[in-house]
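The values are calculated or read from the model by the stated rules, or taken from the named source; none is laboratory data. Just so it is clear, the structure is predicted and the values come from calculations on it, not from any experiment. We place every Cβ from the backbone using ideal geometry, glycine too, and count neighbours over all the protein chains shown.
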Amino acid sequence: MFNCFIRVACSLLLLITYCSADDAAQLLPYLEQLEGRWVGHYTIHTSINQYKEEFTVEQQYWMQDGELLGVFAAMRSKGLESASSRTFIQDGRLILIVSRSSGEETYIGVLAEDWLIWLPEDVERANQYQIREKIVRHAGGYQLISESFETYETKNGPAKIRISGSLLLSTN
């Protein structure tokens, strides 16, 4: 499944570098749906040693000056992790900048088949790391589903990390 996801995502990155005015008009309402406090869990799975970790996540988003700003906090087994983000449309492209203590990474976003796919701006990294997310409406509210994967080399060959998340929009 992820190999197909890789091919689709890389094709999207290469073929859809810029979104049309209609796409840009769709993106802003999509981003506005993210406003609020999202709480839930992420799960990490690895292919090498079958490691699995589930942890609590909280994300908060708000619109400011036409940009979607966000903060992320996760309580992992190794301690608290945090990040901040800035999402905006520039020259017809959807851009996400994520800042962590380890540095900053830029992604390009593409809407495809109800998913918002985030690809690293660095095309080489896009072969090893991708994220996709979508908002689903349920009777009880909204759910933000997130899936990502990363491939890296080990002495025993390639290994994969899969991260899946399910967050609910908090009404508090």
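Observations on the structure shown:
- Enumeration of residues in region 75-87 that are at pLDDT below 95 and either acidic (Asp, Glu) or surrounded by 14 or more Cβ atoms within 10 Å (Cβ to Cβ) (or both): Arg76, Glu81
- Exactly one residue out of Tyr152, Tyr129, Tyr107, Tyr142 is farther than 22 Å from Ser82 by Cα and free of Cβ contacts under 8 Å to residues at least 60 places away in the same chain: that is Tyr152.
- Filter result for Tyr107 (under 20 Å from Glu67 (Cβ atoms), buried (at least 17 other Cβ atoms within 10 Å of the Cβ) and in contact with a Leu (Cβ under 9 Å, 6 or more places away or on another chain)): yes
- Region 53-74: number of residues that are free of Cβ contacts under 8 Å to residues at least 24 places away in the same chain, in a strand (DSSP E or B) and closer than 19 Å to Pro29 by Cβ: 3
- If you go through region 52-66 and pick out every residue that is loosely packed, with under 15 Cβ neighbours inside 10 Å and either under 23 Å from Gln143 (Cα atoms) or in contact with a helix residue (DSSP H, G or I) (Cβ under 9 Å, 6 or more places away or on another chain) (or both), you end up with 8.
- Asn49 passes every criterion in (1) in a strand (DSSP E or B); (2) surrounded by fewer than 14 Cβ atoms within 10 Å (Cβ to Cβ) apart from (1).
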